[in-house]
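Engineer: Got a structure for you, questions after.
The values are calculated or read from the model by the stated rules, or taken from the named source; none is laboratory data. On a predicted model such as this, the values are computed, not experimentally measured, just so you know. When we count neighbours, we look across all protein chains shown, and the Cβ atoms used for this are built from the backbone with ideal geometry, even at glycine.
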Amino acid sequence: MSTLPPVPTPSATSFTMTPLSPQPVVITDINMSIGAMCLFMIKWMIAAIPAAIILWVLLLIVGAIIAVVFGGVLHGLLGQYPGRF
């Protein structure tokens, strides 16, 4: 029957637990073929279509809200003068 060696217990001086801090990273080169770059850009353009549609819908809703608010204000201010607007 074999005996296992004793497991060493870590002491406070064997290692220090310091919190990880962010380290700056500088990218100096990207090795990418022209074909892979073109494919990446095509995927990027296709992914931008739903984002543009969502942005267009949001701007449409914001524009409608602004038109209702300011349209009501202008009608309230200028509606008392018949024949002007």
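Engineer: Give just the number: which of (1) at pLDDT below 90; (2) surrounded by 10 or more Cβ atoms within 10 Å (Cβ to Cβ) does residue 29 not satisfy?
Structural biologist: Result: residue 29 fails condition (2) only.
Engineer: What is the one condition in (1) surrounded by 10 or more Cβ atoms within 10 Å (Cβ to Cβ); (2) modelled with pLDDT under 90; (3) β-branched (Val, Ile, Thr) that residue 9 does not satisfy?
Structural biologist: (1) is the only condition that residue 9 fails.
Engineer: Could you check, for the range 65-78, whether at least one of its residues is in a loop (DSSP other than H, G, I, E, B), at pLDDT below 85 and not basic (Lys, Arg)?
Structural biologist: Here is the first cut: in the range 65-78, the residues in a loop (DSSP other than H, G, I, E, B) are none.
For the range 65-78, residues in a loop (DSSP other than H, G, I, E, B), at pLDDT below 85 and not basic (Lys, Arg): absent.
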